[in-house]
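Throughout, read-outs are computed from the coordinates displayed, never taken from laboratory work. From a predicted model like this one, the values you see are computed outputs, not experimental measurements. Note that each Cβ is placed from the backbone with ideal geometry, even for glycine, and that neighbours are counted across all protein chains shown.
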């Protein structure tokens, strides 16, 4: 993977649980994808929502964090600005499992935890 950013320069922080969940998802469901893209999309009950997608190709302006020699995480420049300083965790419990975003830039979040403004 070329043009990798140093981990301390990547706009978001991924916990070990989030990294492990991303790697597991890529191995089980990624159909050969090399990256997971974390992005922000319009919508959700608070205006924006978090999104994760499998990606085969990296764009020239992407922020990239290599998790190992084969897999990594991508952020587009606009999402990187909106997510700067965000920590991403993976929670598993009786109420289900999923990624949890702690975004210091969010002025308002919804009850589901998947959208913000």
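Using the Cβ-Cβ distance between residue 41 and residue 94 with R0 set to 25 Å, the FRET efficiency works out to roughly 0.30. Relative contact order of segment 7-116: 31 percent, from C-alpha pairs under 8 Å at least 6 residues apart in sequence. Inter-label distance, residue 15 to residue 81: 3.0 nm, where each label sits 7 Å from its Cα along the C-beta direction.
Answer rounded, prolate or oblate for segment 49-112, using the Cα gyration tensor with square roots of eigenvalues a ≥ b ≥ c: rounded when a/c is under 1.5, else prolate when a/b is larger than b/c, else oblate. Oblate, since a/c reaches 1.5 and b/c is not below a/b. Modelled label positions at residue 57 and residue 28, each set 7 Å beyond Cα in the direction of Cβ, lie 2.9 nm from each other. Answer rounded, prolate or oblate for segment 7-116, using the Cα gyration tensor with square roots of eigenvalues a ≥ b ≥ c: rounded when a/c is under 1.5, else prolate when a/b is larger than b/c, else oblate. Taking the square roots of the gyration eigenvalues as a ≥ b ≥ c, segment 7-116 is oblate.
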